[in-house]
1. Is it fair to say Tyr113 is of a type in the set (Phe, Trp, Tyr) and farther than 22 Å from Glu57 by Cβ?
2. So, in region 79-131, how many residues would count as being buried (at least 20 other Cβ atoms within 10 Å of the Cβ), at pLDDT below 90 and farther than 24 Å from Pro146 by Cα?
3. Out of all the residues in region 47-78, which are open to solvent by 40 Å² or more (accessible area, probe 1.4 Å), hydrophobic (A, V, I, L, M, F, W, C) and over 20 Å from Gly128 (Cβ atoms)?
4. Given the criterion at pLDDT 95 or above, of a type outside the set (S, T, N, Q) and more than 16 Å from Pro146 (Cα to Cα), identify the matching residue among Arg59, Arg51, Arg68.
5. Read through the list (1) in a loop (DSSP other than H, G, I, E, B); (2) more than 15 Å from Ser119 (Cα to Cα); (3) modelled with pLDDT of 90 or more, then give the number of the only condition that Pro28 fails.
6. Restricting attention to region 132-156, and to residues there that are open to solvent by less than 70 Å² (accessible area, probe 1.4 Å) and over 21 Å from the mean Cα position of the chain (by Cα), which single residue is nearest to Gln100 (Cα to Cα)?
Amino acid sequence: MSIAVNALKLLAVGAALGLVVGLVWGFPSIRDPSVDDALCAGPVHSSPSVRWITPMEARTLLNDPSVRFVDARDADAYQAGHIAGALHMTLAGGIISEKQLARLAGARTVIAYCDTLGSCSASRRLAGLLSVAGLTDVRVLEGGMPAWMDAKFPAQAGSCENC
């Protein structure tokens, strides 16, 4: 048999297996990623305990000393402008260091945010890891930094003073 015939057989077997698995376990939903990018309002599947918070709800918590805002964007974006008093926390290798966790000591609530690119993947990933690390009230800001700025809520520029 030729290589092409073997490849077609292999493709047919793979498609049949995919169909069977899809029928047994269900097919994944197909979503428009631009909707998530714009709204940043889907569930955090990796950590069901992580909840979403609207910019208005988050604004009411801004001056609460037991609430920490954590910016999951890169350093340049953080320095260009961030939620007033927010910590800058990036994930090196997808892990959170003990030093980073220590900066959140005493926080009752942690609100992670990003710039909404990639369905808020940076803030969702950070929030999920913080939850897994034992923080019990971790939330993701709907709409991220763009929604915060659109609402004209307090922001500042510069490096992280508490980092």
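The values are calculated or read from the model by the stated rules, or taken from the named source; none is laboratory data. Keep in mind that this is a model prediction, so the values were computed, not measured. Please note: Cβ atoms are built from the backbone with ideal geometry, for glycine as well, and neighbour counts cover all protein chains shown. Only protein heavy atoms, including side chains, enter the accessible area calculation; ligands, DNA and RNA are left aside. Shrake-Rupley method; radii C 1.70, N 1.55, O 1.52, S 1.80 Å.
1. Criteria not met by Tyr113.
2. Within region 79-131, residues that are buried (at least 20 other Cβ atoms within 10 Å of the Cβ), at pLDDT below 90 and farther than 24 Å from Pro146 by Cα number 1.
3. Selection gives Met56, Ala75.
4. Answer to the check: Arg68.
5. Every listed condition holds for Pro28 apart from (3).
6. That would be Gln156.
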